[in-house]
Amino acid sequence: MRLTVIPAYGRDYKSAKAVKADFDANKDFLICDMSSPDDGRYVNADDLKTGDTLHIRYQRNTKQTSCVKK
């Protein structure tokens, strides 16, 4: 599964390293993917299966990085 998400609860990040640290810390992200039936739902690393990919937008949605569930 591949989803585009943004940080939840008003969080934002300055670097991809900070995004990946919060993903690994199991923080919530908001699904912003109109092609997904889960659009608008919260997701974290525990909700994903091994191999699932999140494309995470950060720095006021101007940059993007990917995180894969291991």
Selection within segment 27-38 - open to solvent by less than 80 Å² (accessible area, probe 1.4 Å) and not hydrophobic (A, V, I, L, M, F, W, C): Asp28, Asp33, Ser36, Asp38
Residue in segment 19-53 that is nearest to Lys69 (Cα to Cα), counting only those that are of a type in the set (A, V, I, L, M, F, W, C) and free of Cβ contacts under 8 Å to residues at least 40 places away in the same chain: Ala45
Count of segment 19-44 residues which are touching a strand residue (DSSP E or B) at 6+ places or on another chain (Cβ under 8 Å) and of a type in the set (Gly, Ala, Ser): 2
Qualifying residue in segment 9-20 (condition: among the small types (Gly, Ala, Ser), modelled with pLDDT of 95 or more, loosely packed, with under 15 Cβ neighbours inside 10 Å and within 12 Å of the chain's Cα centre (by Cα)): no
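The values are calculated or read from the model by the stated rules, or taken from the named source; none is laboratory data. Quick caveat: nothing in here was measured; it's all calculated off a predicted structure. In this analysis, Cβ positions are derived from the backbone assuming ideal geometry, glycine residues included, and neighbour counts consider all displayed protein chains. Heads up: the accessible areas ignore ligands, DNA and RNA and are worked out on the full protein's heavy atoms, side chains in. Shrake-Rupley method; radii C 1.70, N 1.55, O 1.52, S 1.80 Å.
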